[in-house]
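A quick write-up on the structure given underneath.
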Amino acid sequence: MEDHSELFEKYINGNLSKEETEVFESKLTADPSFNEAFKVYGLLVDGIIESGKSSLKKELVAHEALSYPSTKKSYFYQKIAASVLVVLALSALILNYSASKDYEAIYADYYEPYPNIIDPINRSIDYNDYSIYQQYELRNFEEIVNKLTIKAQENILSDAEKFYLAQSQLVLKNVDLAILNLKEISKESNFYLAAQWYLALAYIKTEKYEKAESLLDQIIDQKEDFSKQAEILKNLL
């Protein structure tokens, strides 16, 4: 499903022409799925503005309350959630770094673990039956690293498992190991673009600034997911 977040943002900010606005509003009336996506986007933005940066993680979790089923459609909405939250968080922080180059602070403020969009917690199942992704949602990062590291030794990790293993390693400050896993994620993976974003952050954390800038340039040039975030962050380096 197409990601309309950039178009939604332009409409909300009044950056569409009169003709574009008319087309947009006509589509809201004629296309139920487009209308639904716009409502979800509005809920996310309103919640972020209301809560502010300090509630960033809570907002990432709160979008689960929209109660969409675990389908490709659900994956689309959760991608919007993650993307919008990171864009607005970065925008709110940009002035803090205009006078200095505190890379450690940039990483600390800008890194937020990616939400569990694979297998959200189902309250009806037993805790002992929780999947790796549900354990990740519960922030059991050490357990995830232990289990997936054993699986990695057998060379049977999926791209999704590599991605969430890297996320857990970043939280636990095992940044060099996280870099190795992020670099292994296939270009065909749904997590590839997100992996490039976190890889750029990891390079900043490990003071590999030239690699970070090069990767951010690639993300910007792709003009897809995370391109806005990358452009904001690039301006701070």
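Only one of the listed residues (Ile232, Ile185, Ile220) is outside any helix (DSSP H, G or I), in the same structural domain as Ala105 (by TED's automatic domain parsing) and of a type in the set (Val, Ile, Thr). That residue is Ile185.
Just checking, which of Val171, Val175 is without any contact (Cβ under 8 Å) to a residue 60 or more places away in the chain, of a type outside the set (Phe, Trp, Tyr) and either in contact with a Ser or Thr (Cβ under 9 Å, 6 or more places away or on another chain) or not assigned by TED's automatic domain parsing to the domain that holds Tyr114 (or both)? Please lay out each step first, then the result.
Numbers: Val171 fails: either in contact with a Ser or Thr (Cβ under 9 Å, 6 or more places away or on another chain) or not assigned by TED's automatic domain parsing to the domain that holds Tyr114 (or both).
The conditions single out Val175.
A residue that is free of Cβ contacts under 8 Å to residues at least 12 places away in the same chain and among the aliphatic types (A, V, I, L, M) cannot be found anywhere in segment 207-224. Of the numbered criteria (1) among the charged types (D, E, K, R); (2) in a helix (DSSP H, G or I); (3) at pLDDT below 75, the one Arg123 fails is (2).
Please pick out the residue among Glu161, Glu143 that is surrounded by fewer than 17 Cβ atoms within 10 Å (Cβ to Cβ), in the same structural domain as Asn190 (by TED's automatic domain parsing) and modelled with pLDDT of 90 or more.
Glu143
Residues considered: Asp119, Asp126, Asp176. Of these, the only one that is surrounded by fewer than 19 Cβ atoms within 10 Å (Cβ to Cβ) and within 20 Å of the chain's Cα centre (by Cα) is Asp119. Listed by first and then second residue, the pairs linking a residue in segment 29-40 that is of a type outside the set (S, T, N, Q) to a residue that is in a helix (DSSP H, G or I) and surrounded by 17 or more Cβ atoms within 10 Å (Cβ to Cβ), with Cβ atoms under 6 Å apart and 6 or more places separating them unless they lie on different chains, are Phe38/Phe8; Val40/Tyr77. When we screen Tyr192, Tyr209, Tyr198 for residues that are under 21 Å from Glu231 (Cβ atoms) and either outside the structural domain of Glu231 (by TED's automatic domain parsing) or more than 17 Å from the chain's Cα centre (by Cα) (or both), the only hit is Tyr209.
The values are calculated or read from the model by the stated rules, or taken from the named source; none is laboratory data. These numbers come from a predicted model, not from an experiment. Please note: Cβ atoms are built from the backbone with ideal geometry, for glycine as well, and neighbour counts cover all protein chains shown.
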